[in-house]
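Asker: Have a look at the structure that comes next, please.
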Amino acid sequence: MALDDRDDVERIEFDSQHRDVLIEHHTNADTIADALEPLGLGARHVDDTSNIDTQGDSGRERTALIIALIINAGFFVGELTVGLISASMGLIADALDMGADASVYALSLAAVGTAAARKKRLARVSGFVQLALAAVGLVEVIRRFIVDTELPDPASMIVLSVLALAGNIVTLVVLNRVRSGEVHLQASWIFTANDIKVNALVIAAAIGVIAFDSAVPDLIAGGLIFAVVANGARRILAMSR
């Protein structure tokens, strides 16, 4: 976003795994470095090269993102419904995480081939929605800690989390097939990889509910997931300024 609206920058490719950014531009490197330093990501000029790969196909990107959006939106509705019925904050929080991811995929879908200004507007809306939902969820977790609540159903937690885990693995495979240097594809892939850890956390919480005959493991898992969503929203809002 810091570079995409500059006239002297032709193309940007990201490798998030190795923290590399390849920028095709017609200005000197110091000007680019000056634009990146305020982001606080430790940007430094490494090398000049003419070996720039071609960008991923937009049609394949859209197809992959649509599949990811459908999977995450579906599990958002399913986990939220079962979470409310089974009184599990872990499932409700995981549902919110799926909903947050669905909004990221929708944002990524809208961002394919669009200008930086629109990406920033879409990112701000997504960030504010996620932050508001996470805040409501954290308040509910605190309320349930204070007020004695019914024990969540661990069987429902495990079954839905295993299904969500399978859905995230499918999403990861689909995104990996079109994984390119585009930042929205990189971000989407990272979000889904992190979701697998969240699914494992809910399963562990369900085992804790069985072992201790207490709702506390479920509430802890819910609180941690809501905090992760809130932090993700904060980062999105910071990037979209």
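Asker: Among all residue pairs at least 6 apart or on different chains, which show Cβ distances below 9 Å where the first residue, located in segment 21-40, is at pLDDT below 85 and open to solvent by 80 Å² or more (accessible area, probe 1.4 Å) and the second is assigned to a helix (DSSP H, G or I) and not acidic (Asp, Glu)?
Answerer: Going by the 9 Å Cβ cut-off, the qualifying pairs are 39/239.
Asker: In segment 145-180, which residues are in contact (Cβ under 8 Å) with a residue 24 or more places away in the chain, β-branched (Val, Ile, Thr) and in a helix (DSSP H, G or I)?
Answerer: Correct list: 158, 162, 169, 170, 171, 174.
Asker: A further question follows. Have a look at 205, 193 and point out the one that is of a type in the set (A, V, I, L, M, F, W, C) and either without any contact (Cβ under 8 Å) to a residue 24 or more places away in the chain or surrounded by fewer than 16 Cβ atoms within 10 Å (Cβ to Cβ) (or both).
Answerer: Residue meeting the stated conditions: 193.
Asker: Need pairs with beta-carbon distance below 9 Å; first residue within 13 Å of residue 149 (Cβ to Cβ) and within segment 76-94, second among the charged types (D, E, K, R) and outside any helix (DSSP H, G or I); sequence gap 6+ or separate chains.
Answerer: Here the result reads 86/153; 87/150; 87/153; 88/153, each pair linking segment 76-94 to a residue that is among the charged types (D, E, K, R) and outside any helix (DSSP H, G or I).
Asker: Evaluate the following for residue 97: is it modelled with pLDDT under 90 and more than 15 Å from residue 167 (Cα to Cα)?
Answerer: no
Asker: For residues in segment 100-136 being aliphatic (A, V, I, L, M) and part of a loop (DSSP other than H, G, I, E, B), which is modelled with the lowest pLDDT?
Answerer: Once the filter is applied, the top-ranked residue is 115.
The values are calculated or read from the model by the stated rules, or taken from the named source; none is laboratory data. Just so it is clear, the model here is predicted, and its values are computed rather than measured. We place every Cβ from the backbone using ideal geometry, glycine too, and count neighbours over all the protein chains shown. Only protein heavy atoms, including side chains, enter the accessible area calculation; ligands, DNA and RNA are left aside. Shrake-Rupley method; radii C 1.70, N 1.55, O 1.52, S 1.80 Å.
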